[in-house]
1. What is the residue count in region 37-56 for residues that are in contact with a helix residue (DSSP H, G or I) (Cβ under 9 Å, 6 or more places away or on another chain), surrounded by fewer than 16 Cβ atoms within 10 Å (Cβ to Cβ) and modelled with pLDDT under 95?
2. Restricted to region 105-138, and to residues that are among the hydroxyl-bearing types (S, T, Y) and loosely packed, with under 12 Cβ neighbours inside 10 Å, which residue is farthest from G33 (Cα to Cα)?
3. Kindly indicate which of G76, G65, G106 is in contact with a Ser or Thr (Cβ under 9 Å, 6 or more places away or on another chain), in contact (Cβ under 8 Å) with a residue 60 or more places away in the chain, under 29 Å from P168 (Cα atoms) and not charged (D, E, K, R).
4. Only residues that are touching a residue at least 60 places away in the same chain (Cβ under 8 Å) and farther than 27 Å from G65 by Cα: list them for region 112-171, please.
5. As an exercise: evaluate S122 against (1) under 30 Å from T7 (Cβ atoms); (2) over 19 Å from the mean Cα position of the chain (by Cα); (3) of a type in the set (G, A, S) and give the number of the one condition it does not meet.
6. For region 71-171, give me every one of the helices (runs of 4 or more DSSP H) that falls completely inside it and has 1 or more residues that are over 27 Å from V16 (Cβ atoms).
7. Take the residues in region 36-68 that are more than 16 Å from the chain's Cα centre (by Cα) and not in a helix (DSSP H, G or I); name whichever of them is farthest from K167 (Cα to Cα).
8. Hey, among M83, M92, which residue is modelled with pLDDT under 95 and closer than 16 Å to V145 by Cα?
Amino acid sequence: MEEQASTARVALKYGVLASVVIMIYTTIINIAGLSQNKILSSLAFVFMIVAIVLAMKDFREKNNGYMTYGEGLGLGTLVSAVMGLLSSAFTMFYMQFIDNTLLTQGMDKVREDMERKGMDDSQIDQAMELSQKFMSPGIVFAIGVFGYVLTGLVISLIVAAIIRREKPVFE
């Protein structure tokens, strides 16, 4: 009986690779002062999609051309979990030691958006106070990991349905 490819090994490979790319990309965006640009910031999800697709194709290739839907879903979710852990850890490190003004810039942008919507000062202060509670390092890390895993799960649901190739029953 042939040995099947390991989903964990493939997920670790592509999760680490995509995380490094995202870390470099994020650092460039932050240094350029474009971290508040929603379009550029959300481009990191394109890296996640590419990593999941490449991981599934690699796994299928190593598995004699076959991958079940469940294997693909698990693999994609695992890739996104690795990416979430590494990228969130990097983000925390970056905000704590490299550029500790990043969080303040984000909070200032939120305040400006609320003022633009016409909210009064008491509402803005209350919302900012609540937002500040969710900006502790542990919560930011947990939300980052959860966000990556949830997004990766949704992406994997779609990609696994497209890339899967079931082994014939009578082979």
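1. Going through region 37-56 one residue at a time, the tally reaches 5.
2. If we take residues in region 105-138 being among the hydroxyl-bearing types (S, T, Y) and loosely packed, with under 12 Cβ neighbours inside 10 Å, then S122 is farthest from G33 (Cα to Cα).
3. G76
4. The answer is G144, V145, F146, G147, Y148.
5. Every condition holds for S122 apart from (1).
6. Filter on region 71-171 gives 102-116, 121-133.
7. Result: Q36.
8. Criteria check complete, one pass: M92.
The values are calculated or read from the model by the stated rules, or taken from the named source; none is laboratory data. Not measured: the values here are computed from a predicted model. So basically every Cβ, Gly included, is an ideal-geometry build from the backbone, and we count neighbours across all protein chains shown.
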